[in-house]
1. If I model a spin label at ALA87 and HIS105 as a point 7 Å from the Cα along the Cα→Cβ vector, what separation in nanometres do I get?
2. Under a Cβ-only charge scheme (Lys and Arg +1, Asp and Glu -1), can you give me the dipole magnitude of region 28-105 about the Cα centre, in debye to the nearest 20?
3. Amide H to amide H, which residues 5 or more places from SER27 or on other chains are under 5 Å from it, using H placed in the peptide plane?
4. For ASP45 and GLU33 in one chain, what is 0.36 nm times their gap in residues minus the Cα-Cα distance, to one decimal in nm?
Amino acid sequence: MNRKRLALVPALTAGIIACTAAAAQASTIVVYEGSHFSGESMTIDACGPSDIPERFHGSYKWYATGQSASMYNLPGGKGRVHHRLSAHWDNEQKTPFGWKSMIIHC
């Protein structure tokens, strides 16, 4: 009986690690300095609130991998939600945007 118990612990640990790794993968937004995805870029893929530096308001590409995002016109994910990015559909905008922060919902 001890053998079964010892075999179960590594299996449970592996399952927990696999689930944790999957949960850490969030949808991603790449924000660019210039319009039409030009200039330097910054990637945001962390769960929770993230500010978008003003320097990177030129354009964006959203890569949906199962998490949605709420976009805000104030820093820190504060104020009312201005726009939502889908958990299931990629999105992009070639022209400047005004969002100052976002919350990726994981």
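1. Modelled inter-label distance: 0.7 nm.
2. Magnitude of the dipole: close to 280 debye.
3. THR65, GLN67
4. That works out to 2.6 nm of additional length.
Each value in this text was obtained by applying a stated rule to the coordinates, not by laboratory testing. The structure displayed is predicted, hence computed values, not measured ones. No Cβ is skipped: glycine too gets one built from the backbone with ideal geometry, and neighbour counts run over all protein chains shown.
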